[in-house]
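The values are calculated or read from the model by the stated rules, or taken from the named source; none is laboratory data. Everything numeric here is computed off the predicted structure, so don't read it as measured data. Here Cβ is always computed from backbone atoms with ideal geometry, including for glycine, and neighbour counts include all displayed protein chains.
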Amino acid sequence: MSCQNGGVRDANSQGATTLKVIFPDNVDVPMAIHSTVSNNCLKIVIEGQFDLHSHKEFLASYSDVDFNPQTYVVDMRGANYLDSSALGMLLLLRDHAGGDDSKVEIVNCNPDVRKILSIASFEQLFQIH
Amino acid sequence: MSSSVRILVADDNSVDRLYLSSILRKEGYQVLQAVDGRDAVEQFEEHRPEIVLLDVIMPVMDGMEAARLIKEISGEFFVPVIFLTSLTGKDDLVKCLEAGGDDFLSKPYSPVILRAKLNVLQRFRQMQVTMLEQRDQIALHNRDLIRDQEAASGIFNCVAPSGALERDNIRHLISPLAAFNGDVLLAERSLSGSLHILLGDFIGHGLTAAVGTIPLAEVFLSMTHKGHLLRDIVVECNSKLNSIFPTGYFCCVNMIEMNMLKGTIEIWAGGIPDAYITSENGEVRRIESQHVPLGILGPKSFDPSTQVFEVSVGDRLIMFTDGVLEARDAEGNDFGAARVEEILSGDGDIGDHFDELTRQIHEQIGGREGDDDITLIEIEMVADKEMEPVAEYQGAGSSEARDWRMTYELGTSSLKSFHPLPLIHQIIMEGQDLQGHGSLLYTVLAELYNNALEHGVLNMPSSKKVGEGGFAKYYEDYQKALEELEEGFVRFECESSERDGEVEMTIRVIDSGAGFDYHNVCFDKQQANGQYHGRGLGLVNQLCSSMTFKGNGNEIEVVLRTSIGSS
């Protein structure tokens, strides 16, 4: 885990300086998720590692949109890795999109990503291409 | 008090000492004075000032020696020491720093430089204080965390005693990280005589992952104790997790039933890496996960169908969580499935594969802790007689219902979807003095019911069991026949009576089948020692006080007698 600097400095009256160290409340890992809208479809593009650290960004990618898409597409073209928490996040998206009535496609998976999705039999829950 | 930082000034030259002291007082510091090195050390011990200024050359004890002692006394706390010196040679200045000094100040003093240097050192000192505070805080949190984990581990061990894995035919590896990061490994003998094994991996790590293990273990173990079918246990585990987990949480599992009598392994695999069955002839069978992990689907869309494999004594089932595949070496390479398969299909005794696998995994991760939880298990298929007796489920039983009768009939759709044995077993066990004979009773009920359903209602010839494909094929045919069944029933008639200090339990099982000509059938007690095939009723005959065929052969009556208070 790489800790980012959470330091805050302030000077006291004596001329001497105290340094207050606070714990970082989130640790940012380079990861890019962005979403685009077209024809009632929300497309979410994943880059890099798709894991626990992507949680906030992934959630924001579909909950911060102000319309109700009919279909969702998760584009894995840039995802080189996903773990079980990513599977959990996909389930959250599925729930958000209407659960059993949802239309969520997962596209452009590399072989590793595809393998993880198929071990979990996610083709029963999503349309995977 | 806190606003006033104390500084110790040690200089044998009183003019210099007083001058420096007055500058420092004007800056707001509280000043202590010492006249030589020893005096400085003594005053430091007594007053513990935050900053120390030392002249290098002093009588009794020089500044360098005093600095060394002061640093020793202050231990892990950072006390800045500044040397006061008129020396200007590079070597002398370096010596000052080597003796433990943090900076030096050249005479004559410049108040501006002095102030600036003190500010810098103050900042360092503050930072160090904060770091120590936070270190202690972390240590405290860590202690609490470990205590919590120990308590949780104690609870889990009551639900699922780890001793259940200590069997001659089981070898396993659970990494320390795994125990409370959501890996779960359980083994328990079913009332039916089979061995049930659960290997699970909850999503994520830490508390959220660990929290699901207890309800899962409880459902799995209690249903296994009561003799439920694997598929019914899987259904119940899934609905339990589905009802308590928020969306996005789930558990990847392999649930196994190893039937020593039939020589079969039945598996329900959801979201977990491939498992393997290895045989002494070098054959390696791979078992792929077919299902969505537990806890995701609601009861309506959940699919409990299992895969059945035929195995021989000496075959081994090897399974593991994804931590094994993802175990990384120093270069970040995964262990991978190909390597597992290479080991399992390697030359030599298959009994050595497990050791080789664990050795290579340890080598892979080196001394480092794995990124994930590593859990690995190998179960060897053994002959039924190698197994220890089935642990008895202790019923509530202090009641004394000894004279009663019941008729319980399963119609067509019940036959297709319901496994009645745990229920009937429980009714008979409650209030009977059969404690200690629970597994015997279960065996009798199971053989009578299976005989009635398979050979009576479904009219399957028992010779089919030895035919091509053996049990796996038989199981498939059985499933198909059951699905296509249009009409049928199995009726249990149980009657309990008390006489002469004995409880007599009569169980009649009647089926809708055509029956058979039983008049020439003779059940030799020896027969039960032979092959399993067709030996079911022979076994019942051996276990009961009497066994008789009635009607067209579609009705069997057995009598069990136990002395009251015999247990």
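Taken over segment B:253-268, the criterion of being within 14 Å of chain A (Cβ to nearest Cβ) and either at pLDDT below 95 or touching a Cys at 6+ places or on another chain (Cβ under 9 Å) (or both) is satisfied by B:V253 alone. Might you check whether a residue that is closer than 27 Å to B:M131 by Cα and of a type in the set (K, R) occurs anywhere in segment B:35-48? Yes. Looking across segment A:77-101 at every residue that is over 19 Å from B:F202 (Cβ atoms) and hydrophobic (A, V, I, L, M, F, W, C), the one that is farthest from the other protein chains (Cβ to nearest Cβ) is identified as A:A79. Scanning segment A:57-73 for residues that are assigned to a strand (DSSP E or B) and either of a type outside the set (S, T, Y) or crowded, with 18+ Cβ neighbours inside 10 Å (or both) turns up A:Y72, A:V73.
Take the residues of segment B:130-157 that are out of contact with any Ser or Thr (no Cβ under 8 Å at 6 or more places or on another chain) and in contact (Cβ under 8 Å) with a residue 12 or more places away in the chain: which is farthest from the other protein chains (Cβ to nearest Cβ)? Among those that are out of contact with any Ser or Thr (no Cβ under 8 Å at 6 or more places or on another chain) and in contact (Cβ under 8 Å) with a residue 12 or more places away in the chain, it is B:I155. Can you confirm whether segment B:132-147 contains a residue that is buried (at least 16 other Cβ atoms within 10 Å of the Cβ) and more than 20 Å from B:C237 (Cα to Cα)? Scanning segment B:132-147, I find no residue that is buried (at least 16 other Cβ atoms within 10 Å of the Cβ) and more than 20 Å from B:C237 (Cα to Cα), so the answer is no. Within segment B:202-219, can one find any residue that is within 14 Å of chain A (Cβ to nearest Cβ) and over 19 Å from B:I155 (Cα atoms)? Yes, segment B:202-219 contains a residue that is within 14 Å of chain A (Cβ to nearest Cβ) and over 19 Å from B:I155 (Cα atoms).
Scanning segment B:1-39 for residues that are among the hydroxyl-bearing types (S, T, Y) and either buried (at least 20 other Cβ atoms within 10 Å of the Cβ) or more than 60 Å from the chain's Cα centre (by Cα) (or both) gives B:S14, B:Y19, B:S21, B:S22, B:Y29. A:D64 meets each of the listed conditions (1) more than 14 Å from chain B (Cβ to nearest Cβ); (2) in contact with a helix residue (DSSP H, G or I) (Cβ under 7 Å, 6 or more places away or on another chain) apart from (2). Entry remark, segment B:306-321: residues being on the phi < 0 side of the Ramachandran plot, more than 25 Å from the chain's Cα centre (by Cα) and assigned to a loop (DSSP other than H, G, I, E, B) number 3 in total.
Which residues, taken from segment A:98-114, are part of a loop (DSSP other than H, G, I, E, B), loosely packed, with under 15 Cβ neighbours inside 10 Å and on the phi > 0 side of the Ramachandran plot?
A:G98
Within segment B:212-224, residues that are aromatic (F, W, Y) sit with their Cβ atoms under 7 Å from residues that are modelled with pLDDT of 90 or more, at 6+ positions apart or across chains, in these pairs: B:F220/B:L186; B:F220/B:L198; B:F220/B:I233; B:F220/B:C237. On the given criteria, is B:A164 away from chain A (no Cβ under 14 Å), out of contact with any helix residue (DSSP H, G or I) (no Cβ under 8 Å at 6 or more places or on another chain) and buried (at least 16 other Cβ atoms within 10 Å of the Cβ)? Judged against the criteria, B:A164 is a match. In summary, strands (runs of 3 or more DSSP E) completely within segment B:1-65 and bearing 1 or more residues that are over 14 Å from B:I82 (Cβ atoms) and out of contact with any Asp or Glu (no Cβ under 9 Å at 6 or more places or on another chain) occur at B:30-34. If we scan segment B:367-386, do we find a residue that is in contact (Cβ under 8 Å) with a residue 60 or more places away in the chain, part of a helix (DSSP H, G or I) and more than 14 Å from B:H172 (Cα to Cα)? Scanning segment B:367-386, I find at least one residue that is in contact (Cβ under 8 Å) with a residue 60 or more places away in the chain, part of a helix (DSSP H, G or I) and more than 14 Å from B:H172 (Cα to Cα), so the answer is yes.
Taken over segment B:79-99, the criterion of being free of Cβ contacts under 8 Å to residues at least 12 places away in the same chain and outside any helix (DSSP H, G or I) is satisfied by B:G89 alone. Screening B:R115 on (1) in a helix (DSSP H, G or I); (2) charged (D, E, K, R); (3) within 60 Å of the chain's Cα centre (by Cα) shows it passes everything except condition (3).
Just to be sure, is B:R285 free of Cβ contacts under 8 Å to residues at least 40 places away in the same chain and away from chain A (no Cβ under 13 Å)? If you could, list the steps in order and put the result at the bottom.
Values: free of Cβ contacts under 8 Å to residues at least 40 places away in the same chain: yes; away from chain A (no Cβ under 13 Å): yes.
Here the answer is yes, as B:R285 does meet what is asked.
When B:R6, B:R17 are screened for being under 26 Å from B:M131 (Cβ atoms) and among the basic types (K, R), only B:R6 passes. Among the criteria (1) in contact with a Leu (Cβ under 9 Å, 6 or more places away or on another chain); (2) in a strand (DSSP E or B), the one A:L93 does not fulfil is (2).
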